[in-house]
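The values are calculated or read from the model by the stated rules, or taken from the named source; none is laboratory data. This is a predicted model, so every value here is computed, not measured. A quick note on method: Cβ atoms are made from the backbone with ideal geometry, for glycine too, and the neighbour counts reach across all protein chains shown.
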Amino acid sequence: MAWDDKIEFMSEKEIKELQTERLIKTVEKAYKSLFYKKKFDEVGLKPSDIKDLSDLKKIPFTTKDDLRAAYPFGMLTVDKNDIVRIHSSSGTTGKATVIAFTKKDIDTWADYVARCLYMIGMRKGDVFQNMMSYGLFTGGLGFHYGAEKLGATVIPIGGGNTAKQIRMILDFKTSFLHITPSYALHVSEEIIKDGIDPKALGLKGLIVGAEPHSEATRKKLEEIYNCPVFNSYGLSEMNGPGVGFECEYRDDPHIWEDGYIIEIVNPETGENMPDGEEGELVITSINREGMPILRYRTKDLTHIKKEKCKCGRNHKKIGRVVGRADDMLIVKGINVFPSQIEDILMSIQEVGNNYQIVVDRKEDYIDTIKIRVEISKKFFHGKLSELKNIKEKIQHSIREEIMINPEIELLEPQALPPSEGKAKRVVDLRKI
């Protein structure tokens with residue numbers, strides 16, 4: 001059973017036919033905007049040149065810098081009086097990147113999120129505790145509207161105030177949490193401090209996102225809370241949450257192809273890459289009224305999975321995002337993604353729930369990397385020989401996997417500041 005059987009279980013042929021129809025209409029609509037008219041005219045492209053999906057590559061890429069340049073309303077395809085909401089992506093510097101929604105866009109977005117939540121087992125009457133920030137960040141309101149549309153009881157608590165979060169979970173018998181993985185780990189520690197086993201909460205599922213996390217972190221959370229943990233994929237430029245979601249098999253997210261066309265391109269050349277090969281994810285929105293975006297370079301590095309999903313849905317799946325083209329660390333000439341280090345750390349039982357990567361540069365211009373790691377309470381006995389063994393184990397594991405030899409600093413449990421939102425995992429002092 002699905003939220004929308006007709007859409008979710010379309011055949012590949014039906015998906016392509018719908019995408020073609022919506023792409024043609026979207027291009028015609030986008031050309032009405034100041035931004036895309038100029039973009040098309042500069043390369044001599046007309047909307048009538050886009051006749052099928054193979055013509056998509058004729059369209060120039062759109063980047064975050066383009067969104068900044070078009071600020072505030074250069075990408076609108078409707079009268080600005082028809083815009084009912086503005087969101088902005090988080091974590092940017094300088095001029096903001098904003099996304100504008102019509103009433104129809106809000107309804108469509110809520111429907112996509114409801115579809116995602118229904119797919120993982122949420123039903124009318126379930127209690128959904130939304131522990132993400134509200135406001136300009138799309139994660140809070142996006143899930144809120146989707147859960148309400150489904151019929152769930154929503155607790156719009158937002159981020160932080162851990163003691164109150166735990167009280168609400170207990171008092172209202174929360175079924176599902178929407179939370180960052182780092183904060184979920186911190187909350188579990190506080191629950192245990194209160195003398196409660198997180199497994200006893202009776203949660204039906206955790207929905208995580210908003211920050212990179214490894215499969216090892218997911219497994220750790222599932223063990224702690226004794227419930228499935230689902231990975232959500234979304235980005236503000238494409239509405240926010242609801243772009244893609246894992247089904248009940250939790251084997252990477254389906255991208256809803258009735259709303260989005262996805263491509264994988266070589267990050268350096270922009271050339272399209274075949275399914276299965278890793279590259280940068282590019283997304284075109286084809287079901288948005290007020291501000292469609294064509295061929296948006298997400299900077300997310302992933303691949304399109306070739307295998308069919310056991311759930312029977314034909315909407316394409318992307319593999320776990322391994323990093324971003326713009327947050328990759330280069331240490332001593334080696335490309336390192338923070339998610340690689342997290343994957344290693346979370347597979348080591350002596351490691352606790354929090355860590356920090358510190359990159360610096362010596363006076364002789366040699367890069368250094370230090371990993372500050374909290375030890376699990378279970379293994380924190382204060383014996384020097386044990387600490388030495390743990391440090392060597394972590395160092396060896398990282399060196400074997402990613403060919404760098406980091407300095408390891410072991411810390412007492414909860415020595416690092418707890419995360420109540422997006423975790424600050426990397427401190428790159430070379431940029432300061």
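Among the residues examined, Val113 does not qualify as touching a residue at least 60 places away in the same chain (Cβ under 8 Å), in the same structural domain as Lys13 (by TED's automatic domain parsing) and aliphatic (A, V, I, L, M). The helices (runs of 4 or more DSSP H) found wholly in the stretch 1-62 and carrying at least 3 residues that are closer than 19 Å to Ile293 by Cα occupy 12-30, 34-42.
The combined condition, being within 30 Å of Asp107 (Cβ to Cβ) and not assigned by TED's automatic domain parsing to the domain that holds His381, is not fulfilled by Leu301. Residues in the stretch 95-119 that are charged (D, E, K, R) and part of a loop (DSSP other than H, G, I, E, B): 1 in all. For Ile196, the test of being β-branched (Val, Ile, Thr), modelled with pLDDT of 95 or more and outside the structural domain of Gly279 (by TED's automatic domain parsing) is passed. Applying the criterion of at least 2 residues that are among the hydroxyl-bearing types (Ser, Thr, Tyr) to the strands (runs of 3 or more DSSP E) found wholly in the stretch 245-315 leaves 279-285, 296-302.
In the stretch 78-95, is there at least one residue being crowded, with 18+ Cβ neighbours inside 10 Å, under 24 Å from the mean Cα position of the chain (by Cα) and modelled with pLDDT under 95? Checked against the condition, which is being crowded, with 18+ Cβ neighbours inside 10 Å, under 24 Å from the mean Cα position of the chain (by Cα) and modelled with pLDDT under 95, the stretch 78-95 yields at least one hit. On the basis of being closer than 17 Å to Thr217 by Cβ and either assigned to a strand (DSSP E or B) or out of contact with any Gly (no Cβ under 9 Å at 6 or more places or on another chain) (or both), does Ile390 make the cut? Criteria not met by Ile390. Considering only the stretch 316-333, how many residues are among the aliphatic types (A, V, I, L, M), at pLDDT below 75 and in a loop (DSSP other than H, G, I, E, B)? Residues in the stretch 316-333 being among the aliphatic types (A, V, I, L, M), at pLDDT below 75 and in a loop (DSSP other than H, G, I, E, B): 1 in total. The set of residues in the stretch 236-283 that are of a type in the set (Val, Ile, Thr) and within 15 Å of Tyr296 (Cβ to Cβ) comprises Val243, Ile255, Ile261, Ile262, Ile264, Val265, Val282, Ile283.
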